[in-house]
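Each remark here refers to the structure printed beneath this line.
The values are calculated or read from the model by the stated rules, or taken from the named source; none is laboratory data. The structure displayed is predicted, hence computed values, not measured ones. Glycine also receives a Cβ, built like all others from the backbone with ideal geometry; neighbour counts cover every protein chain displayed.
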Amino acid sequence: MKMEIQLTSFYSHGDERRFFQGLDDIDCIENVKGIGRGLAFDINLNRFSKEKVFEFIALLWRYQIDLTPIRLLAERRKKFAWLRENQYYWHECMYPPNSKHDSENANITSSID
């Protein structure tokens, strides 16, 4: 799966280094490339376990990075349908109020191969 995210500002070089180290620690995230103020990367879905999804979301949450690109996982892969459940702390950020739950109509830059 290819995904693009838009980065927020980092507070120091160390802060930025820790973000990228956290991303690098999630071994199923591969081929990370900078695109302007964003990142493009591949996610190996075969190795993207629930634990790794939690780590990925926590990393994006910590750096206040938009979670809506992750919606495609929940909407197009049964393995990740649990992401839609509203008991998780990220639900409103992934599915903002007054937005459609359909990524096809949202401004999301991700694709599933």
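Some notes on this structure:
- Condition met for SER49 (at pLDDT 95 or above and among the small types (Gly, Ala, Ser)): yes
- Qualifying residue in the stretch 30-39 (condition: under 11 Å from the mean Cα position of the chain (by Cα) and β-branched (Val, Ile, Thr)): no
- When the criteria are applied in full, LYS52 meets the requirement of being of a type outside the set (Asp, Glu), in contact with a Cys (Cβ under 9 Å, 6 or more places away or on another chain), more than 19 Å from PRO96 (Cα to Cα) and in a helix (DSSP H, G or I).
- Against the list (1) at pLDDT 95 or above; (2) within 27 Å of GLU16 (Cβ to Cβ), the condition THR109 fails is (1).
- Remark: ARG84 matches the filter, which requires a residue to be surrounded by 13 or more Cβ atoms within 10 Å (Cβ to Cβ), over 26 Å from PHE20 (Cβ atoms), in contact with a helix residue (DSSP H, G or I) (Cβ under 6 Å, 6 or more places away or on another chain) and at pLDDT 90 or above.
- Within the stretch 56-81, being exposed (fewer than 15 other Cβ atoms within 10 Å of the Cβ) and either under 20 Å from VAL32 (Cα atoms) or touching a residue at least 60 places away in the same chain (Cβ under 8 Å) (or both) holds for ALA58, TRP61, ARG62, GLN64.
- For ILE29, the conditions (1) on the phi < 0 side of the Ramachandran plot; (2) out of contact with any Leu (no Cβ under 8 Å at 6 or more places or on another chain) are fulfilled apart from (2).
- The stretch 8-23: number of residues that are of a type in the set (Gly, Ala, Ser) and either in a helix (DSSP H, G or I) or under 13 Å from LEU59 (Cβ atoms) (or both): 2
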